[in-house]
Amino acid sequence: MKYFLPLFVVALLVSGCEPKSTAENTSSTNTEMKETPELRHVVLLKFKESASEADIEKVEEAFIGLKSKIKEIKDLEWGVNNSPEGLNKGFTHCFFLTFESEEDRAIYLPHPDHKAFGDVLGPHLEDVTVVDYWAK
């Protein structure tokens, strides 16, 4: 009888650790692995103070245009920082590219259209940060 309470507690703990039901497992969460891995290429831009709105718009259009010029780019989205935290360190623009493979990224990086974009960006760029990762 004196072992009944500890065994009951262990049984409760174990029952709480059972896997989710099939219906619960089919819902997607941010912690689940993607079926097809995707390579993300995140580019954060900080513009020079001398860059005009027209200069920045020209850079935005040139970057967005890469999607139609470089077939290895699976997806491209972008936006302007609107975080209220004030931690962006002057980086205002985020461009988020998706590739299916490292080989596709290797084609993109030296691609003539990517190099031409660099010529548009260069005179207005204060700083850039790039992070690549496999989405999980």
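In the set (1) surrounded by 16 or more Cβ atoms within 10 Å (Cβ to Cβ); (2) under 18 Å from THR129 (Cβ atoms); (3) of a type outside the set (Asp, Glu), the condition left unmet by ILE73 is number (2). Just need a number here: residues in the range 97-136 that are part of a helix (DSSP H, G or I), of a type in the set (Asp, Glu) and within 21 Å of the chain's Cα centre (by Cα). Qualifying residue count, the range 97-136: 3. In the set LYS67, LYS89, LYS34, which member is farther than 30 Å from LEU125 by Cβ, among the basic types (Lys, Arg) and either assigned to a loop (DSSP other than H, G, I, E, B) or modelled with pLDDT of 95 or more (or both)? Residue meeting the stated conditions: LYS34.
Which pairs do you get when a residue that is among the β-branched types (Val, Ile, Thr), found in the range 103-117, comes within reach of a residue that is surrounded by 14 or more Cβ atoms within 10 Å (Cβ to Cβ), reach meaning Cβ atoms under 6 angstrom, with the pair 6+ apart or on two chains? Partner pairs satisfying both residue conditions: ILE107/GLU72.
Could you tell me whether THR129 is within 18 Å of LEU44 (Cβ to Cβ), touching a residue at least 60 places away in the same chain (Cβ under 8 Å) and among the hydroxyl-bearing types (Ser, Thr, Tyr)? Here the answer is yes, as THR129 does meet what is asked. A search for C-beta distances below 8 Å between a residue of the range 74-90 that is hydrophobic (A, V, I, L, M, F, W, C) and any residue that is assigned to a loop (DSSP other than H, G, I, E, B), counting only pairs 6+ apart in sequence or on different chains, returns VAL80/THR92.
The values are calculated or read from the model by the stated rules, or taken from the named source; none is laboratory data. Remember, it's a predicted structure, so these values are computed and weren't measured experimentally. Please note: Cβ atoms are built from the backbone with ideal geometry, for glycine as well, and neighbour counts cover all protein chains shown.
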